[in-house]
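Worksheet: one structure, shown below.
The values are calculated or read from the model by the stated rules, or taken from the named source; none is laboratory data. Please read all numbers here as calculations on a predicted model, not as lab measurements. Every residue, glycine among them, receives a Cβ derived from its backbone with ideal geometry; neighbour counts consider all protein chains shown. All accessible areas refer to the heavy atoms of the entire protein, side chains included, with ligands and DNA or RNA removed. Shrake-Rupley method; radii C 1.70, N 1.55, O 1.52, S 1.80 Å.
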Amino acid sequence: MSFTEDSQEPAFVTHLNGSGGAIKGWVVVDTLVDGLAMGGVRMTPHVTEEEVRGLARDMTDKFTLAGLRIGGAKGGIVSDGGDREETFRTFGRTVKPLLHGGIHLGIDMGVTPADRAVFFAEAGYDPRYRLGAPDMPVDWRTYYEPLIDVTGHGVGVAALTALEAGGRGEAARVVVQGFGAVGRAVARFLEERGHVVVAVADVQGTISADRLPVADLVAITDEFGRIDRSRLPQGVTTSAEPDAWLDIDADVLVLAAQKHALNAGNVHRLRAALVVEGANLASEAEAREKARAAGATLVPGVIANIGGAGAAALAVTRVVPFELAADARKAWVFDWIGDRVRENTRALLEIAAGRAGDPLPELLATRRGELLR
């Protein structure tokens, strides 16, 4: 058992060069708890070992805050996504000893469920079975696919909790930066609860209006989160200016896309009083510090963005009540994630109200102590 302090080095780092084929990448296991660790695999042309280390540490923090007995890990593959089949077959052969040794690897940026199925099959890995643990009675796809919106659900709960803590009663104006699976789910969640989405951003730029019709935008968005500009509703404004989403008059900004979207170079443009991180490493440390100093409230991704990772960890650690029918099991997972996000968001804001500076280290220390009891 190990619950790491912030300064500790990862448990181990594996450099990937390929087996029966060539790849470049890493698997970083930040911590092991009861011999287990898990995290997604990221594939981009520019992913670095340092980035993967940071993502693995974030996984450790997520699981610590959620009270889950599993360590944090992350994979990274340097690739532009060409020849995916061979890339993930090679990856599966290479990481086979890790998968069978208690290191569960899933999906992250640039990696799809279909890619995961390829490397699981190549490694002969089936998460249903693990020595010393009861078997899962359903396959991974049957369990996990209905939970596609659970991350967005958690991010939405974080936003609502922070708004309520701030005493806001009226509808909030919301900007969603990133319109992939998480961004779309958050936008729907908040709109259904009476809030107004005034801007969304994808890789092509920012779309804004006094009130955006979320369902209409979702209908013209592809699997990669790109909105078809030729089919936009009437009355919307588009901008290709970099980071134009920061200039929108809004109460809430949800960061649901790339690493360090909020950074030292653009944080001075921030207008929203509440920032909720719905992506991994969504903002730089310096940007978070400057935003807090300017009076903004920030809910970090290790609290808000727990949904997908938490749902997977609940299954790997066999916490999920698999005896429930499928719909009831899904509702149980959504409720569990929502409860953890709500509890941690409230605790973070209480700490922040009592002192200056970053409240997250104090909350992490408290949760580590609870896990060690």
Around H260, which amide H atoms from residues at least 5 apart in sequence, or from another chain, sit under 5 Å from its own amide H, with H modelled in the peptide plane?
A282, S283
Enumerate the calculated ³J(HN,Hα) couplings along the range 323-340 in order (Karplus 6.51 cos²θ - 1.76 cosθ + 1.60, θ = phi - 60°), each rounded to whole Hz, writing x wherever the residue is Gly or Pro.
6, 6, 5, 3, 5, 5, 5, 4, 4, 4, 5, 4, 5, 4, 4, x, 5, 5
For T44, other-chain or 5+-apart residues with amide H closer than 5 Å (H placed, Pro excluded) are I77, S79
Taking Cα pairs closer than 8 Å and at least 6 residues apart, the relative contact order of the range 1-144 in percent is 24
P(r) for the chain: what percent of alpha-carbon pairs falls in each 10 Å bin, starting at zero?
5, 25, 34, 26, 10, 1
Give me the net charge for the shell around G102: Cβ to Cβ below 12 angstrom, other residues only, Lys and Arg +1, Asp and Glu -1.
0
Low-density loop GluC sites (Glu not before Pro), the range 304-373, at most 16 other Cβ within 10 Å, DSSP non-H/G/I/E/B, are E323
In whole Hz and in residue order, list the ³J(HN,Hα) couplings for the range 205-213 that follow from phi through the Karplus curve 6.51 cos²θ - 1.76 cosθ + 1.60, θ = phi - 60°; x for Gly and Pro.
x, 10, 10, 9, 5, 4, 8, 8, x
Quick one: ranking D58, D135 by accessible area, 1.4 Å probe, largest first, what do you get?
D135, D58
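What's the longest uninterrupted piece of the chain once you rule out the chymotrypsin sites (Phe, Trp or Tyr not before Pro) that are loop residues per DSSP with at most 12 other Cβ within 10 Å?
225-373
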Of the GluC sites (Glu not before Pro) in the range 98-203, those whose Cβ has at most 15 other Cβ within 10 Å and which sit in DSSP loop
E170
Charge dipole of the chain built from unit charges on the beta carbon (Lys, Arg +1; Asp, Glu -1), centred at mean Cα; most positive-end Cα among L65, G102, A123 is G102
Quick one: accessible area per residue over the chain, 1.4 Å probe, rounded to a whole number of Å²?
42
Euclidean distance between Cα centres, the range 210-283 to the range 128-206, Å
15
Between R269 and E50, with labels modelled 7 Å along Cα→Cβ, what's the label distance in nm to one decimal, could you check?
2.4
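Any idea what the relative contact order of the chain is, in percent, if you count C-alpha pairs under 8 Å spaced at least 6 apart?
Normalised by residue count, the contact order of the chain is 16 percent.
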Specify, per residue and in Å³, the volume enclosed by the convex hull of the alpha carbon atoms belonging to the range 280-322.
75
How tilted is helix 84-100 with respect to the longest principal axis of the chain? Cα atoms for both, answer in degrees (0 to 90, nearest 10).
60
Tell me the mean residue ellipticity at 222 nm calculated for the chain from its helices only (DSSP H runs of n ≥ 4, each -39500 (n - 2.57), averaged over every residue, nearest 500).
-12500 deg cm²/dmol
Kindly express, to the nearest 10 degrees and within the range 0 to 90, the angle between helix 360-372's C-alpha long axis and the longest C-alpha principal axis of the chain.
40
Convert each backbone phi in the range 127-139 into a coupling constant with the Karplus relation 6.51 cos²θ - 1.76 cosθ + 1.60 (shift: θ = phi - 60°), then list the ³J(HN,Hα) values in order as whole Hz, x for Gly and Pro.
x, 5, 10, 8, 4, x, 10, x, 5, 6, x, 10, 6
By how many degrees, between 0 and 90 and to the nearest 10, does the Cα long axis of helix 307-316 differ from the longest principal axis of the chain?
20
Give me the percent of the accessible area of the chain that comes from carbon and sulfur atoms, probe 1.4 Å, all protein chains in place.
50
